[in-house]
Ligand code: 3PG
């Protein structure tokens with residue numbers, strides 16, 4: 001069990017909180033501030049307990065000076081200030097005299113946000129390579145380290161693991177909630193336990209399937225990855241996306257778990273992905289040459305519904321169709337509608353699935369929406385997340 005923010009006396013202390021403010025932005029405008037909102041509980045707790053709060057986050061992937069453009073955390077500091085009553089001070093640097101001066105001036109209950117930690121990647125990928133000197137330096141700015149960046153917990157970076165090595169550390173409420181949602185699925189799920197997997201590539205989900213196939217009662221496969229499974233059974237899938245390198249895995253897992261892996265029985269197809277295309281729905285064996293499958297059909301939604309309605313635990317990772325286009329979103333919407341009526345613990349893992357559920361307006365139907373894409377996947381694969389492993393044990 002890891003220490004948490006509750007285990008520290010925060011009053012008057014400089015508390016570094018690693019948050020994941022890697023939010024989607026278009027032309028400098030934040031398009032979804034969910035990750036900022038989900039960080040508020042920990043930040044407010046620290047403020048209410050008299051801490052001098054120092055926030056660190058990355059945004060995007062930075063390799064060159066040019067990449068820095070459009071990746072400042074300034075708009076995020078402004079959004080945070082709009083969501084919280086305490087004063088938010090933004091320092092447009094990641095280290096140096098200005099950072100140190102502003103931290104020295106910081107009063108209890110105030111919040112300071114440093115510039116994008118990945119600006120340090122421009123020289124020798126210092127942040128992303130967990131540069132020792134950088135971790136020691138950032139740690140020297142505070143007295144306690146709280147990691148609440150679940151979305152980044154699968155990375156071994158200076159701003160999470162590097163600081164944790166050099167300060168007393170704990171996890172924040174967001175990481176605590178994520179672990180509380182995922183751990184029962186990995187350890188002792190209430191049955192029937194059904195997993196819905198979608199998304200483009202089988203190879204991205206091999207780890208999850210391998211880790212959870214024994215624990216789950218069924219795995220329902222949709223999305224682009226379904227066509228690789230279907231091809232593995234000998235079905236002609238036209239020009240649908242097929243991940244040839246995963247065909248052997250699909251054959252093997254289907255042979256071993258033929259009662260557990262449930263594949264689509266019909267498909268919504270088109271010859272191009274465009275909002276103007278009128279799709280053609282057909283049984284899975286009737287996909288025409290030149291057509292690609294872009295969504296599950298309504299009979300598949302019904303079939304999946306039979307499993308979902310009886311389930312007590314449901315994990316959904318990966319949309320079952322190209323939901324970004326209305327003409328290929330009916331399968332994903334159909335699944336949302338079923339989940340809306342199911343009395344189960346429903347965990348949504350993965351960035352795209354959360355985006356789909358939100359776009360279609362079914363957030364409230366779900367028990368938990370993860371803030372982590374890659375981190376959630378690695379947790380489901382049974383991997384240890386280094387950002388959490390680095391935190392002090394209780
Ligand atoms: C995410 O959005 O998945 C996290 O913030 C991690 O970002 P990264 O994949 O660029 O490390």
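With N set to the number of residues, divide the alpha-carbon radius of gyration of region 1-86 by 2.2 N^0.38 Å and report two decimals.
On the way: Rg = 14.5 Å, N = 86, 2.2 N^0.38 = 12.0 Å.
With N residues counted in region 1-86, Rg over 2.2 N^0.38 Å equals 1.21.
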request  = In vacuum, with every alpha carbon of region 307-394 counted as one equal point scatterer, what does the Debye formula give for log10 I(q)/I(0) at q = 0.12, 0.16, 0.18, 0.25 Å⁻¹? Two decimals, please.
outcome  = -0.40, -0.66, -0.79, -1.23
query = If you line up the Cα atoms of region 232-360 on their principal axes, what length do they span on each, largest first, in Å?
reply = 41, 40, 25
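With the contact rule set at Cα under 8 Å and sequence spacing of 6 or more, what percent relative contact order holds for region 251-394? Could you put the intermediate results ahead of the total?
Details: 212 pairs, mean separation 24.7, N = 144.
The value is 17 percent.
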q = 0.12, 0.16 Å⁻¹, region 128-206: log10 I(q)/I(0) [Debye, one scatterer per Cα] = -0.51, -0.75
inquiry  = Testing the spin-label approximation: label points 7 Å from Cα along Cα→Cβ at residue 97 and residue 257. State their distance in nm.
reply    = 6.0 nm
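Can you run the Rg to Rh ratio on region 351-394? Use alpha carbon positions and the Kirkwood inverse-distance Rh.
Numbers: Rg = 13.6 Å, Rh = 12.2 Å.
Looking at region 351-394, the ratio lands at 1.11.
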inquiry  = Could you tell me how far the Cα centroid of region 160-213 sits from the Cα centroid of region 1-32, in Å?
reply    = 19 Å
task = Please give the contour-minus-distance gain from residue 166 to residue 367: 0.36 nm per residue of separation, less the Cα-Cα distance, rounded to one decimal in nm.
result = 68.8 nm
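Given Cα pairs under 8 Å that are at least 6 residues apart, what percent is the relative contact order of region 176-261? If you can, show how the numbers build up before the last one.
Working: 98 pairs, mean separation 24.6, N = 86.
Computed over region 176-261, the figure is 29 percent.
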key: Stretch gain in nm, segment residue 72-residue 186, where the contour uses 0.36 nm per residue and the Cα spacing is subtracted   = 37.3 nm
Fluctuation leader among 234, 151, 305 - the chain, Gaussian network, Cα springs under 10 angstrom = 234
request  = For n ≥ 4 DSSP H runs only, could you compute -39500 (n - 2.57) per run for the chain, divide by its residues and tell me the 222 nm figure to the nearest 500?
outcome  = -9500 deg cm²/dmol
task = With a bin width of 10 angstrom, please list the P(r) values of the chain as percents of all Cα-Cα pairs, from the 0 bin to the one holding the largest distance.
result = 5, 22, 28, 22, 16, 6, 1
query = Any idea how far the Cα center of region 324-391 sits from the one of region 230-262, in Å?
reply = 24 Å
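From the C-alpha gyration tensor of region 10-151, pull out the three semi-axes of the equivalent ellipsoid (sqrt of 5λ each), sorted largest to smallest, in whole Å.
On the way: eigenvalues 97, 71, 33 Å².
Largest first, region 10-151 gives 22, 19, 13 Å.
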task = Treat each spin label as a single point 7 Å out from the Cα along the C-beta direction, and report the residue 26 to residue 65 distance in nm.
result = 3.1 nm
inquiry  = Once you keep just the Cα pairs under 8 angstrom separated by 6 or more residues, what percentage relative contact order results for the chain?
reply    = 16 percent
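In nm, what is the difference between 0.36 nm times the number of residues separating residue 87 and residue 341 and their Cα-Cα distance?
Computed gain between residue 87 and residue 341 is 87.2 nm.
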key: Label point distance in nm, residue 271-residue 309, each placed 7 Å from Cα along Cα→Cβ   = 3.9 nm
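No value in this document is a laboratory result; all are computed from the given coordinates. Computed from a predicted structure; not experimentally measured. Here the Cβ is made from the backbone with ideal geometry for all residues, glycine too, and neighbour counts use every protein chain on show.
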